[in-house]
Amino acid sequence: MTPRQSELFEKPPRTTRGVLMHVIDAGANPTGPGLMCQLQCRKCEHKSEWFVFETVTEAKRGLPCPRCNA
């Protein structure tokens, strides 16, 4: 018995990305290149310490919330 074509090319179910923290404050890095950002979770209001990102795009992607994704 051969499988149907639709069964061969079905995409596997996607995993959830989890809750991300988003940028709330940003500025130039005084110690070197990059961008310093502080992030906050919109769900649990957890604020992070300052992180250094290479680009603005990288900072805007956000980081996983350690509390919500525990």
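Evaluated over the Cα positions of the chain, the convex hull gives a direction-averaged projected area, one quarter of its surface, of 7.7 nm².
Listed values for region 50-61 are Karplus-derived 3J(HN,Hα) couplings in whole Hz (6.51 cos²θ - 1.76 cosθ + 1.60, θ = phi - 60°), namely 7, 10, 9, 10, 6, 10, 5, 4, 4, 5, 5, 5, and x replaces Gly and Pro. Net length available on complete extension from His22 to Arg42 is 6.4 nm, with 0.36 nm assigned per residue and the Cα-Cα distance removed. When the solvent-accessible area of the chain is split by element, carbon and sulfur atoms take up 53 percent of it, the probe being 1.4 Å. Contact order for the chain, expressed relative to its length and based on alpha carbon pairs under 8 Å spaced 6+ residues apart, stands at 31 percent.
The lysines within cross-link reach of Lys60, meaning a Cα-to-Cα straight distance under 22 Å and a gap of 8 or more places when in the same chain, are Lys43, Lys47.
With protein chains left intact and a 1.4 Å probe, residues in the chain average 85 Å² of accessible area per residue.
The values are calculated or read from the model by the stated rules, or taken from the named source; none is laboratory data. As the structure is a computational prediction, the values presented were derived from the model and not from experiment. Each accessible area value is taken on the protein alone, full model and side chains, heavy atoms only, with ligands, DNA and RNA left out. Shrake-Rupley method; radii C 1.70, N 1.55, O 1.52, S 1.80 Å.
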